[in-house]
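Here is the structure we will look at, set down as structure tokens.
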Amino acid sequence: MRMFRQFGWLLLSAAAVVALVATPQAQATHLPGFGHDNTVAAGDGTGTICNVDDGCLIAENNTGGTNAIAVKGVHTSTVGAGAGVYGQTNSGDAFAAGVQGLVTSSTPSGLSAGVFGANNGTSLGVIGVRGRAGTGTAIIGSSLNAMGVVGSAPTGGTGVFGGSDGGSDVGYGVQGETSSPAADAAGVYGHIQSGAANAAGVRGYNASFPCCGMGVAGFHAGQGIGVYGEAPSGFAVSGFSPNNWSGYFQGAVRVVGTLTKSAGAFRIDHPLDPAHRYLQHSFVESPEMKNVYDGNVLTNGQGFAPVKLPAYFQALNKDFRYQLTIVGTRGWQARVVREIANNRFTIQTDLPGVKVSWQVTGIRKDPYANAHRIQVVVPKEGAAAGKYVHPELYGKPLTKSVVVLPGMDPKTRAKFTKAAALSRQR
């Protein structure tokens, strides 16, 4: 272990070291100045050189006190980027380390650590442990049966912060991986126990204003799920955008459950001007879970026409209703002479060979519809009382919404703006 002259660092403090032993194999020279302060001129560091596969310098402290320290390095200047302890290795082998810390006990107490970093500063941006790498990984944490990296900020701040200054290259501020095939295994796990507004187990934020970066992204290489949310009594996934889409899906969307909305429409490229305009149609709404069937039929020589419905029609529907319209100049009257039975009904006209346009509706009676019948008028109760689905349409602030999502409250937007500024500072 070489003490570098260009830094002028004092490695060992006599007050902190109870015993210093140079291993016999090393045949090292004792450091000068033990037992009293030793002032070293700039550029004249002290040290020893050894060339054996063993400890070059060993400092041992057998005291069990809280402040018992085997090696203590102090950089006393209030300025500069000097280090209290500096470690370096020129080895290119795997697991080579500039500084290594080890807890040898097989049953250590909680919060024991091989390496511990603390920063007593109270200003924003101070760091307890910092890692830096050129093109590799700044900090790696691994554990056989527990957590690889744990960060804690008891009085506020950030428990673990990862940053990447990769420029145009792909870089990750924090990367988490696991090879575990067990259920609920996670590359990155975030946990919080808080009901405060906007509190989150995992939070992602993108401070860039132009389109189209992402705050949080999830990808799956196969047939799994890119992003999944679960909340037994809340919103599994929620989105809010006052000026654009709250949710955007490129591809088919499936809802296994009831879809509740304020309005609905389809939007396609306009058939007559597809490059410059959209064509939109609204959905057909009903206070009942209604199905609509229609078609055209021509009555025979006796003026009758049977209409065959899908084989599932009566299994799915009840409370049938009919509409008939004569098409053309023949005939003036059309009626249903046999109502629906065996998934068919019969039309009769006053003249033969008459074209009839028909429509039949039915109300769903399948098990899901029976279990989730629509309540037409729903009172607003609890936290929703006195609030609005669209408060801005009634001249009310967004805080009067029945659901206030992140970004709807001006105070929350101010917090996001502050977070963006802090992110740019980092």
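Throughout, read-outs are computed from the coordinates displayed, never taken from laboratory work. Predicted, not measured: the structure shown is a model, and the values here were computed from it. No Cβ is skipped: glycine too gets one built from the backbone with ideal geometry, and neighbour counts run over all protein chains shown.
Could you list all residues from the range 263-299 that are surrounded by 14 or more Cβ atoms within 10 Å (Cβ to Cβ) and outside any strand (DSSP E or B)?
Glu288, Met289, Thr299
Where residues in the range 303-345 are within 18 Å of Asn291 (Cβ to Cβ) and in contact with a Pro (Cβ under 8 Å, 6 or more places away or on another chain), which of them is surrounded by the most Cβ atoms within 10 Å (Cβ to Cβ)?
Phe345
Would a scan of the range 213-221 turn up a residue that is in a loop (DSSP other than H, G, I, E, B) and either closer than 30 Å to Ala371 by Cα or in contact with a His (Cβ under 6 Å, 6 or more places away or on another chain) (or both)?
No, the range 213-221 contains no residue that is in a loop (DSSP other than H, G, I, E, B) and either closer than 30 Å to Ala371 by Cα or in contact with a His (Cβ under 6 Å, 6 or more places away or on another chain) (or both).
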